[in-house]
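Data first, discussion second: the structure below is written as structure tokens.
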Amino acid sequence: MRIASFFSLMLALVAFLPASSQADRIRDLVDIQGVRENSLIGYGLVVGLDGSGDQTMQTPFTTQTLTNMLSQLGITVPAGTNMQLKNVAAVMVTAKLPAFGRAGQAIDVVVSSMGNAKSLRGGTLLMTPLKGVDNQVYALAQGNVLVGGAGAGAGAAAGGSSVQVNQLAGGRITNGAVIERELPSTFGSSNLIMLQLKQDDFSMAQRVSDAINRSGLGGSATPVDSRTIQVIAPRGNSSQVRFLADVQNLDVNIGVQDAKVIVNSRTGSVVMNREVTLQSCAIAQGNLSVTINQQNVVSQPDTPLAGGQTVVTPQTEISLQQGGGALQRVNASANLNNVVRALNSLGATPMELMSILQAMQSAGCLRAKLEII
């Protein structure tokens, strides 16, 4: 098994990454403290299914829920009645209450089966209260559930046709809930605004603070720690909206970022940035042998009187060998891109690649933070 072609795509994209020093907008780097979504959850019933609902023998809570709902509508179900509810499914409903959400505003909801229903396709969610962590009802959900369908395509292995069926036990309702209760907001009541970096970085916190102070927008910023910047802004909702709109569009030179390599252990995909470098090392992994030898190459002018300058260029020789196969050598700059390309050409598996990267980091020759997710 060869490394997936995703490697080749990602490595090609690395070559087109912008230079290490670039400018980003503040809106892409920070969040505003207190301006966030809140999770909502509810329990309800989906009806109108085509025989693909819960099997009541294994999910008695579906029958109990339907009995309670019918009693509230004035319908009494005799005790001991065996209801065959193949067209009904018990579901959990989740949604996000947006910041500054107002009563009457519609939001999307996600519907997920919690029983043994085979499919929610064609079903209708009955009115479901959505509660917050304080057990208060903030929205009401109801509507037709949209479930992804089945698709046909060409079979790669047999050369014929294949059918791919999507997950049918869950779906979405666009604008399926209406906000009934608003969250109290203190926005604009204080002249202090806290900006939170999406990634903690002392140098980035200082750069964002300096950019705000140089902008001349009337506010002053002070970095509190590696993630938080305290900004003194005009008081009042309208004034702070205009101030933050201008601040979010300011450009910040993000400078040199931390060297990082991220490996997905399930798919084998590898993502790295330009700051990843390598030092000399030798690694043996199974029948794969990797040797990285870093040396300086001196380039001198042809004649002493030519007027040129002697240039010393760091050069890395990467040697790879699989079993008793031929030894491959690659002369290139000291970066992980060339190592992964060479391993891909030898047919290394994703698990072998992850093991090699871990060994390189343990040996101290991979100058980057390795994250395996």
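The values are calculated or read from the model by the stated rules, or taken from the named source; none is laboratory data. Quick caveat, the model's predicted, so the values are computed rather than measured. Here Cβ is always computed from backbone atoms with ideal geometry, including for glycine, and neighbour counts include all displayed protein chains.
Before moving on, here are some points about what is shown:
- For region 46-67, the count of residues that are modelled with pLDDT of 90 or more, under 33 Å from the mean Cα position of the chain (by Cα), more than 30 Å from Ser226 (Cβ to Cβ) and surrounded by 12 or more Cβ atoms within 10 Å (Cβ to Cβ) is nonzero.
- Note on region 330-365: among residues that are over 14 Å from Val263 (Cα atoms) and touching a helix residue (DSSP H, G or I) at 6+ places or on another chain (Cβ under 7 Å), the one that is modelled with the lowest pLDDT is Ala332.
- Residue check for Ser39: at pLDDT 90 or above and outside any helix (DSSP H, G or I): yes
- Strands (runs of 3 or more DSSP E) enclosed by region 143-220 - at least 3 residues per element that are modelled with pLDDT under 85 and out of contact with any helix residue (DSSP H, G or I) (no Cβ under 8 Å at 6 or more places or on another chain): 150-154, 161-165
Every residue, every condition in (1) touching a Gly at 6+ places or on another chain (Cβ under 7 Å); (2) assigned by TED's automatic domain parsing to the domain that holds Leu120; (3) crowded, with 18+ Cβ neighbours inside 10 Å, yes or no:
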| position | (1), (2), (3) |
| --- | --- |
| Thr174 | no, yes, no |
| Asp201 | no, no, yes |
| Ser215 | no, no, no |
| Ala221 | no, no, yes |
| Asp225 | no, no, no |
| Val231 | yes, no, yes |
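- Any chance Asp210 is out of contact with any Pro (no Cβ under 6 Å at 6 or more places or on another chain), closer than 24 Å to Glu37 by Cα and not hydroxyl-bearing (Ser, Thr, Tyr): no
- Residues in region 191-236 that are in contact with a strand residue (DSSP E or B) (Cβ under 6 Å, 6 or more places away or on another chain) and among the basic types (Lys, Arg): Arg207, Arg227.
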